[in-house]
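Student: Structure in structure tokens, see below.
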Amino acid sequence: MALRRTFLGAILLALAVPAAAAAARTPWATVNVCDTASNPDTIGIRGSMPGAVAPASELFMRFQVQYQRSDGSWRLLSTGGDSGFIDVGRAKTRASRQAGHSFRLSPPQPGSVYTLRGFVTYEWRAKDGSVVRRARKRTTGGHRSTAGADPEGFSAAECVITA
């Protein structure tokens, strides 16, 4: 019986390790700041992307804010909600790189509510600037590595700002 448990434990561990490694190679995005006392009317978006997908790839992220319309659909903010592409470094290994950007918005009118989320575009570029790979993710919650989060450790899919 003990041999069976050990064997089963080894199988589960073997399955978990590739799953964890695959997760580290998957881009993610999260809201890590949402209208706090020290960051009023602000949404902070953080992203993580795996390193090199081609030799000496240059890594870029673009952070954008989306708002939810009254019909439930999502749209990009027309002004002030786009970081443009930010160079987050050169990757020589598959190790993940993280970056973030915060957007301070005009306060909502009394009685109004802004429901926001982030949208991140990831690009891996070759030395000549050509895009080798592109991915896009909207924000999700539950991410552990959220440097710059307010409050510490905060990770959410959306941000609600009220007047």
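Student: Would you be able to tell me the number of residues in segment 150-163 that are assigned to a loop (DSSP other than H, G, I, E, B) and modelled with pLDDT of 95 or more?
Tutor: Residues flagged as assigned to a loop (DSSP other than H, G, I, E, B) and modelled with pLDDT of 95 or more within segment 150-163 amount to 4.
Student: Continuing with the same structure: Within segment 75-89, restricting attention to residues that are loosely packed, with under 14 Cβ neighbours inside 10 Å and not aliphatic (A, V, I, L, M), which residue is nearest to Gly118 (Cα to Cα)?
Tutor: Of everything passing the filter in segment 75-89, Arg75 is nearest to Gly118 (Cα to Cα).
Student: Mind listing whichever residues of segment 50-99 are of a type in the set (Ser, Thr, Tyr) and closer than 14 Å to Arg133 by Cα? Break it down into steps so the answer makes sense when it comes.
Tutor: Of the residues in segment 50-99, the ones of a type in the set (Ser, Thr, Tyr) are 57, 67, 70, 73, 78-79, 83, 93, 96.
Ser57, the sole residue that qualifies.
Student: Follow-up. Go through segment 117-130 residue by residue and tally those that are more than 14 Å from the chain's Cα centre (by Cα) and either closer than 30 Å to Arg104 by Cα or basic (Lys, Arg) (or both).
Tutor: Of the residues in that region, 3 qualify.
Student: Oh, and also: Every residue in segment 91-115 that is assigned to a strand (DSSP E or B) and either exposed (fewer than 14 other Cβ atoms within 10 Å of the Cβ) or touching a residue at least 60 places away in the same chain (Cβ under 8 Å) (or both), please.
Tutor: Gly100, Ser102, Phe103, Arg104, Val113, listed by residue number.
Student: Something else about it: Name the residues in segment 98-120 that are over 13 Å from Asp41 (Cα atoms) and of a type in the set (Phe, Trp, Tyr), would you?
Tutor: Phe119
Student: With the requirement that a residue be part of a strand (DSSP E or B) and either surrounded by fewer than 16 Cβ atoms within 10 Å (Cβ to Cβ) or touching a Ser or Thr at 6+ places or on another chain (Cβ under 7 Å) (or both), what does segment 44-60 give you?
Tutor: Correct list: Gly44, Ile45, Arg46, Ser48, Met49.
Student: Kindly list, by first and then second residue, each pair from a residue in segment 53-76 that is without any contact (Cβ under 8 Å) to a residue 12 or more places away in the chain to a residue that is of a type outside the set (Ser, Thr, Tyr) and assigned to a strand (DSSP E or B), limited to pairs with Cβ atoms under 9 Å and residues at least 6 apart or on different chains.
Tutor: Here the result reads Arg69/Arg75; Arg75/Gln66; Arg75/Gln68, each pair linking segment 53-76 to a residue that is of a type outside the set (Ser, Thr, Tyr) and assigned to a strand (DSSP E or B).
Student: Considering only residues that are modelled with pLDDT of 95 or more and under 10 Å from the mean Cα position of the chain (by Cα), which ones fall in segment 131-143?
Tutor: Arg136, Lys137, Arg138, Thr139, Thr140, Gly141
Student: Here is a further query. If you take the residues of segment 18-41 that are of a type in the set (D, E, K, R) and modelled with pLDDT of 95 or more, which of them is nearest to the chain's Cα centre (by Cα)? Steps first, please.
Tutor: Taking segment 18-41 as the starting set, the residues that turn out to be of a type in the set (D, E, K, R) are 25, 35, 41.
Those still in the list that are modelled with pLDDT of 95 or more too: 35, 41.
Values: Asp35: 18, Asp41: 19 Å.
Filtering first and then ranking leaves Asp35.
The values are calculated or read from the model by the stated rules, or taken from the named source; none is laboratory data. Nothing here was measured: the structure is a model prediction, and the numbers come from that model. When we count neighbours, we look across all protein chains shown, and the Cβ atoms used for this are built from the backbone with ideal geometry, even at glycine.
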